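J.: Please read through the structure below; I'll follow up with questions.
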Amino acid sequence: MKNFLDLAELKYFTSDNAKMYKTKNGFAAMKAFMPPIKKDDLAEGQDNTPDWQDLGRVYFHRMFPFDAPDEFISVLDKDGNEYGIIRNITDFSGEDADIINEFLARKYLCPEITKVISLKEKLGYSYWEVETDKGKMSFSMHDTYRNIARVSDTRLVLTDVDGNRFGIKDVLALDSKSYRKIELYL
Amino acid sequence: MKKKIIPPGRIRVREKVMSAAGGNADYSFDFNLYEKNEYIYGAAVINGGFVYIVIENSNKDNDTEIKLTIDDVTEFRYINNSGCVAIEYTKSGEDFELCRSDMRNAVAMQIAVKKMMAAKEGRGVGGNDFTICPKCGKMLKQGSTVCLECIDKKHLFLRLMPYAKPYAKQLSFATLMLIIISAINVYIPVLTKKLINEYLIVENPVTKGFVGVVIAMAAFGFARSVSVMIQRIIYTKSSNAILVNLRKILYEKIQQLSLTGITRRSSGELITRITRDTKNLKDFIVSTLPELLQQGLIVISVTIILLTLDWKLTLIIMLPVPIMFIMFTVIRNFTHKLYHRQWQAESDLGTLLYDVFSGMRVVKVFGTEKKEENKFRTTARKLADTSQKNELTWNLIVPFATFIMGIGEYAVIYIIGSRIITGSMTLGELTQFLSYVALVYGPMRWMAHIPRRIQNTAISIAKVFEIIDEKSEMNEDEKPIMSEINGDIKFSNAYFGYNSYEYVLKNINLEIKNGEMVGLVGRSGVGKTTAINLIMRLYDLTAGNLFFDGIDIRKYSQHALRTQMGVVLQETFLFNGTIFSNIIYAKPDSTRDEVIRAAKLANAHEFILKQPDGYNTYVGDKGHTLSGGERQRIAIARAILRNPKVLILDEATAALDTETEKLIQDALNRLTEGRTTIAIAHRLSTLRNATKLVVFEKGMIEEVGTHDNLMRSKGRYYKLVMAQRQMSKLIKTK
């Protein structure tokens, strides 16, 4: 018997059927070998033969930003309609992969905390002073325990009062002083 | 917190962009990222149709300066990424990025986009968009009007006073009782000393005086008990009155707030504010404050007595006090961590249980009981481990701490003991002194917990007053119109957005005449329900006008307006109660006869009769004992009961089978005469009787006309109908 799930079709992009490039103004764009894009979802009777076509500017969106940041990247148009999926960035190489990585880095900003310099709690707020891969930073958090996402046993993602994200790749890899400061929230 | 110093680089770009703009600014904002998310200093000014930008490049040699003419740009867009935001614009068909920032400037940049678009369209954008704490200059959290970082605790506690004022007499009487109790507590050791010195260790005691002292002691004891009793009764009574009053004020305030004010806080948070935060305040007024007063009185008076009795000895006694305080602070910090963890573990367990029990059906259907069991065991284990560790730690610390605090007492016993032996002090004096020492040490131990309690209370006060202080955004007109409406509705150039930068509805122009039945059509998320919310004035328009009978909706009394509307919403909400109480909710003075008629019209009567308890059937929490269709019919009956001028149906019959839907539709059609009906439906056949169909697409009106007109013009409506017909054909052929 055919699997029920086979009924849903996923369009995957690889270096065989997709080519990345940058627009004149430096945005990510893509050419792909695929059936023509329907302009209107209610339009009927279109030719569906796949061909190479220029999609113009595309937007990347991680489907699993915490679990698998380099896999399952959705390629979207301006209105958020999906052209297809990049299953893994390794399916692309060279300039293509560079463009994907560059635009993911532009969309997802999450400095990685390497050291906790000071952490104080006062009136339900916590004040952090940290060193990150992007330099020294300070931020404050409200309702600290609930604003720390425990992605895995060792990986944390913190969201501060403004909505900025900070990551800790591996809490066990922190120096013992830093670890003791954040221990309370683990 | 130490004051934040603005980095010189930031000031420099700000000044530079200001001078580029000629010293004037309609609006200005900062940003701090560049192309590939490198951190930089950047500042922007919008002034007189231009946008000026200065960016300090990461190599810091030369700044990038941009001047952009707003009129050249087709569109400005606010791009929300993850952890960072950007402003993009389109100019002659091409996209450009203007600037980017991390989240701290997100709101400012949203507003900037709104202002630039407004400048482009020649609209003025007024109003305060966001609030900044005047003290620390930080932007306040959405939905917050006080900066929790800068609240002045003294000021906060003073604000409680007006609520205690009506009970000033009782409270001051209770405080007097407290003083009496403290005085008795302090005086009793004096009696004890007298008893021992004059009667117990004397060779020939005078029996008469002896009895007198004992009677005096008993009398004081009795007086103390009576005072304690009176004081507790008064405090309990007045504090509960204060609590009820506070909750009432808070609840009324929340109901007054517009839906915007309510929805931006979770209902859980609002519930916490009404229940827990107000209770914290009550606890503070009732128990912490008087206790603090009493214990403080005792400590001070006893210390003075001790000093007069023997100041050298007193100093020795007081020696361990600072040590004790330091120790308690350390222990507190330590145990605070432990308890925090335990509290988290408890809360995790609670969440888990709530989750599983409310989703029991899913758990059983998918057969995941074992998995949930394991999850529960792990969480319970964690809680057990944490609390075991806590208790062990406590049990290790406390006896030791008690010993250290006792050192003072041992010292006293030793010194006084040797004095008694040498004869320079009497046994009575010893007893008196020791009683006083005990009197001082008790409150000191208790006071170690005070700072935490005060802190908790301060947070609660801040949260409670934040709501009380909040200004409702939808103000009633000074002289609201209370009269009946006719039912003519007109949108003119209406714009609306739930947040300030993104419009859900754009340039809506629509006229609905009294007696018309208007169908709103379109995909989900195009703004149909929003349009209805505006008609009900759950929100106010961002720009443009909405008229009822030619008068602006804001001139009407909100209450009077809404009582003339009957609404059946997408999600039918039934209150915990009977079917009858749910229908009559719309118009509590209706007779039984009217309720039954409404139920009959809504086709609910038949199924209600099938219930053993008829109209008195208890619908349970949110009506879960009824099916979706049954709930919807009750909601329709509720709307009809009001005999509304304007009937609003938002997917009101979606959960019904086609046959019942037709019956209700027919009933409603009879009703619509002389009334304005506005209906949203995805099943287009529901709207076949509509006198006007309005097709929405991306927040704008795409087509307006009757069914026949729109079918002929073969636009979006035609396509939608065709798609649905094909669907039903498919179903038939299968």
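The values are calculated or read from the model by the stated rules, or taken from the named source; none is laboratory data. None of these values were measured; they are calculated from a predicted model. Positions of Cβ are backbone-derived with ideal geometry, glycine not excepted, and every protein chain shown enters the neighbour counts. In case anyone asks, the SASA skips ligands and DNA or RNA and just uses the protein heavy atoms, side chains included. Shrake-Rupley method; radii C 1.70, N 1.55, O 1.52, S 1.80 Å.
J.: Scan segment A:70-125 for residues that are more than 10 Å from every other protein chain (Cβ to nearest Cβ), among the acidic types (D, E) and under 29 Å from A:D170 (Cβ atoms) and report the count.
T.: The qualifying residues number 5.
J.: Go through segment B:222-242 and give me each residue that's crowded, with 18+ Cβ neighbours inside 10 Å and either more than 46 Å from the chain's Cα centre (by Cα) or assigned to a loop (DSSP other than H, G, I, E, B) (or both).
T.: Residues of segment B:222-242 crowded, with 18+ Cβ neighbours inside 10 Å: B:224, B:227, B:231, B:234-235, B:238-239, B:242.
Selection gives nothing.
Residues are listed down the side, and each one gets a yes or a no for (1) over 35 Å from the mean Cα position of the chain (by Cα); (2) open to solvent by less than 40 Å² (accessible area, probe 1.4 Å):
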site: B:E606; (1), (2): yes, no
site: B:Q611; (1), (2): yes, no
site: B:T617; (1), (2): no, yes
site: B:A637; (1), (2): no, yes
site: B:R642; (1), (2): no, no
site: B:I648; (1), (2): no, yes
site: B:A652; (1), (2): no, yes
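J.: Sticking with this structure for a sec: From the list B:Y78, B:Y52, B:Y27, B:Y89, exactly one residue is surrounded by 18 or more Cβ atoms within 10 Å (Cβ to Cβ), at pLDDT below 85 and aromatic (F, W, Y). Which is it?
T.: Values: B:Y78 fails: at pLDDT below 85; B:Y52 fails: at pLDDT below 85; B:Y89 fails: at pLDDT below 85.
That would be B:Y27, the only listed residue that is surrounded by 18 or more Cβ atoms within 10 Å (Cβ to Cβ), at pLDDT below 85 and aromatic (F, W, Y).
J.: Just wondering, is there one or more residues in segment B:207-221 that are in a helix (DSSP H, G or I) and either under 24 Å from B:E291 (Cβ atoms) or touching a residue at least 60 places away in the same chain (Cβ under 8 Å) (or both)? Write out each step before concluding.
T.: First, pick out the residues of segment B:207-221 that are in a helix (DSSP H, G or I): B:207-221.
Next cut, either under 24 Å from B:E291 (Cβ atoms) or touching a residue at least 60 places away in the same chain (Cβ under 8 Å) (or both) only: B:220-221.
Checking segment B:207-221: at least one residue is in a helix (DSSP H, G or I) and either under 24 Å from B:E291 (Cβ atoms) or touching a residue at least 60 places away in the same chain (Cβ under 8 Å) (or both).
J.: Something else about it: Could you please let me know if B:I535 is of a type in the set (V, I, T) and surrounded by 19 or more Cβ atoms within 10 Å (Cβ to Cβ)? Even if it seems obvious, please write down each step before you answer.
T.: Working: of a type in the set (V, I, T): yes; surrounded by 19 or more Cβ atoms within 10 Å (Cβ to Cβ): yes.
It is true that B:I535 is of a type in the set (V, I, T) and surrounded by 19 or more Cβ atoms within 10 Å (Cβ to Cβ).
J.: Filter segment B:189-206 for residues that are open to solvent by 40 Å² or more (accessible area, probe 1.4 Å), in contact (Cβ under 8 Å) with a residue 60 or more places away in the chain and out of contact with any Leu (no Cβ under 9 Å at 6 or more places or on another chain) and give the result.
T.: B:V190, B:K194, B:E198
J.: Turning to a different aspect of this structure: Restricting to segment B:693-715, what's the tally of residues that are open to solvent by 40 Å² or more (accessible area, probe 1.4 Å) and out of contact with any helix residue (DSSP H, G or I) (no Cβ under 6 Å at 6 or more places or on another chain)?
T.: Initial filter on segment B:693-715 (open to solvent by 40 Å² or more (accessible area, probe 1.4 Å)): B:698, B:700-702, B:704, B:706-709, B:712-714.
Now narrow it down to the ones that are out of contact with any helix residue (DSSP H, G or I) (no Cβ under 6 Å at 6 or more places or on another chain): B:698, B:700-701, B:704, B:706-709, B:712-714.
Residues meeting the conditions: 11.
J.: Checking A:N25 against (1) within 30 Å of A:V130 (Cβ to Cβ); (2) within 12 Å of another protein chain (Cβ to nearest Cβ); (3) open to solvent by 40 Å² or more (accessible area, probe 1.4 Å): exactly one of these is not met. Which one?
T.: With respect to (1) within 30 Å of A:V130 (Cβ to Cβ); (2) within 12 Å of another protein chain (Cβ to nearest Cβ); (3) open to solvent by 40 Å² or more (accessible area, probe 1.4 Å), A:N25 is out only on (1).
J.: Which condition breaks for B:Q724 when tested against (1) within 14 Å of chain A (Cβ to nearest Cβ); (2) open to solvent by less than 80 Å² (accessible area, probe 1.4 Å); (3) part of a strand (DSSP E or B)?
T.: Single failed check for B:Q724: (3).
J.: Moving on to the next point. For segment B:323-333, indicate whether the set of residues that are modelled with pLDDT of 80 or more and either among the basic types (K, R) or in a helix (DSSP H, G or I) (or both) is non-empty. Full working, then the answer.
T.: Taking segment B:323-333 and keeping what is modelled with pLDDT of 80 or more, we get none.
No; the residues of segment B:323-333 include none that is modelled with pLDDT of 80 or more and either among the basic types (K, R) or in a helix (DSSP H, G or I) (or both).
J.: Here are A:D41, A:D47: which of them is at pLDDT below 85 and away from chain B (no Cβ under 14 Å)? Before the answer, list the steps.
T.: Details: A:D41 fails: away from chain B (no Cβ under 14 Å).
The unique qualifying residue is A:D47.
J.: So which residues in segment A:55-69 are open to solvent by 60 Å² or more (accessible area, probe 1.4 Å) and either within 13 Å of chain B (Cβ to nearest Cβ) or under 20 Å from A:E102 (Cβ atoms) (or both)? Outline the logic, then answer.
T.: Filtering segment A:55-69 down to residues open to solvent by 60 Å² or more (accessible area, probe 1.4 Å) leaves A:61, A:63-64, A:66-67.
Across segment A:55-69, the qualifying residues are A:H61, A:M63, A:F64, A:F66.
Okay, residues lined up against (1) touching a helix residue (DSSP H, G or I) at 6+ places or on another chain (Cβ under 8 Å); (2) crowded, with 20+ Cβ neighbours inside 10 Å:
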position	(1), (2)
B:N509	no, no
B:N514	no, no
B:V521	yes, yes
B:G527	no, yes
B:G544	no, no
B:F547	yes, no
B:D552	no, no
B:S557	no, no
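J.: Looking only at segment A:151-178, filter to residues that are open to solvent by 70 Å² or more (accessible area, probe 1.4 Å) and modelled with pLDDT of 85 or more; which one of those is farthest from the other protein chains (Cβ to nearest Cβ)? Let's see the steps before the verdict.
T.: Taking segment A:151-178 first, the residues open to solvent by 70 Å² or more (accessible area, probe 1.4 Å) are A:153, A:165, A:169, A:172-173, A:176-177.
Those still in the list that are modelled with pLDDT of 85 or more too: A:165, A:169, A:172-173, A:176-177.
Values: A:R165: 4, A:K169: 16, A:L172: 18, A:A173: 22, A:S176: 16, A:K177: 16 Å.
Applying the filter and picking the extreme gives A:A173.
J.: Taking into account only those residues within segment A:133-142 that are of a type outside the set (G, A, S) and at the interface with another protein chain (Cβ under 10 Å from one of its Cβ atoms), which is surrounded by the fewest Cβ atoms within 10 Å (Cβ to Cβ)?
T.: Pass one, segment A:133-142, residues of a type outside the set (G, A, S): A:133-134, A:136-137, A:139, A:141-142.
Checking the rest, the ones that are also at the interface with another protein chain (Cβ under 10 Å from one of its Cβ atoms) come to A:134, A:137, A:139, A:142.
On the way: A:K134: 15, A:M137: 18, A:F139: 20, A:H142: 17.
By that ranking, first place goes to A:K134.
J.: From the list B:R597, B:R633, B:R592, pick out the single residue that is over 18 Å from B:I680 (Cα atoms) and buried (at least 16 other Cβ atoms within 10 Å of the Cβ). Break it down stepwise before answering.
T.: Numbers: B:R633 fails: over 18 Å from B:I680 (Cα atoms); B:R592 fails: buried (at least 16 other Cβ atoms within 10 Å of the Cβ).
Sole residue among the options that is over 18 Å from B:I680 (Cα atoms) and buried (at least 16 other Cβ atoms within 10 Å of the Cβ): B:R597.
J.: Then there is this: Filter segment A:147-179 for residues that are charged (D, E, K, R) and more than 22 Å from A:A105 (Cα to Cα) and give the result. Full working, then the answer.
T.: Quick first cut of segment A:147-179, residues charged (D, E, K, R) only: A:150, A:153, A:155, A:160, A:162, A:165, A:169-170, A:175, A:177.
Result: A:D153, A:D175, A:K177.
J.: For segment A:80-186, list the strands (runs of 3 or more DSSP E) that sit wholly inside it and hold at least 3 residues that are over 23 Å from B:F334 (Cβ atoms); which are they?
T.: Working: elements: A:82-88, A:113-122, A:125-132, A:135-142, A:148-150, A:156-159, A:165-168.
Answer list for segment A:80-186: A:82-88, A:113-122, A:125-132, A:135-142, A:156-159, A:165-168.
J.: Could you say which residue among B:K364, B:K382, B:K389 is part of a helix (DSSP H, G or I) and free of Cβ contacts under 8 Å to residues at least 12 places away in the same chain? Outline the logic, then answer.
T.: On the way: B:K382 fails: free of Cβ contacts under 8 Å to residues at least 12 places away in the same chain; B:K389 fails: free of Cβ contacts under 8 Å to residues at least 12 places away in the same chain.
When all the criteria are applied, what remains is B:K364.
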